[in-house]
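The values are calculated or read from the model by the stated rules, or taken from the named source; none is laboratory data. Computed from a prediction, not measured in an experiment: that's the story for all the values here. Quick reminder, even Gly has a Cβ in these numbers, built from the backbone with ideal geometry, and neighbours come from all protein chains shown. All accessible areas refer to the heavy atoms of the entire protein, side chains included, with ligands and DNA or RNA removed. Shrake-Rupley method; radii C 1.70, N 1.55, O 1.52, S 1.80 Å.
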Amino acid sequence: MQIARLYKLTKASAVKARTQAIDQLKSVLITADPALREELDGLGNAELFRTCARFTDASSQEEGGEAGVLQATRITLGLLACRIDQLSEQIRDVDARLARLVKCHAPQLLDVVGIGPDTAVPRPTTTATATPSTALA
């Protein structure tokens, strides 16, 4: 099904972009002010992203010098964390759409242990060699 391939393409793109955003956020943390790093140290990913998302404050004044660098770092972390959250939501949305699609068109695939909506649908680069009885193509 063309719909399934489009959803898989969308999901793969979102996963790649989210991974990139996570890597960027952690890279910014490595070079961040030591006090900021200490403030965020020990947080798991979910809590780290929630905390950083609160750093974005459009009403603050742009400053120069060390204070400006700290402010820019916090804003950057906030924007990256918001991007991670948006991409995670897109991935959840596409997963739900894929699950509904498989359940509607090939529910027998979900009866097999180890096969879920993600594995029931071939990857976008897969050629149309699968039969309708074995996968959504």
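Below, the figures for the structure above:
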| item | result |
| --- | --- |
| Pair list, Cβ under 8 Å, 6 or more apart: the stretch 54-71 residue within 17 Å of ARG37 (Cα to Cα), other residue modelled with pLDDT under 80 | GLY68/GLU62; GLN71/SER60; GLN71/GLU62; GLN71/GLU63 |
| Whichever residue in the stretch 19-40 is within 16 Å of ARG54 (Cβ to Cβ) and not β-branched (Val, Ile, Thr) and, among such residues, is surrounded by the fewest Cβ atoms within 10 Å (Cβ to Cβ) | GLU39 |
| Checklist (1) open to solvent by 60 Å² or more (accessible area, probe 1.4 Å); (2) farther than 25 Å from PRO117 by Cβ applied to ARG97, failing item | (2) |
| Helices (runs of 4 or more DSSP H) (entirely within the stretch 1-116) containing at least 2 residues that are touching a Pro at 6+ places or on another chain (Cβ under 6 Å) and modelled with pLDDT under 95 | 2-30, 65-105 |
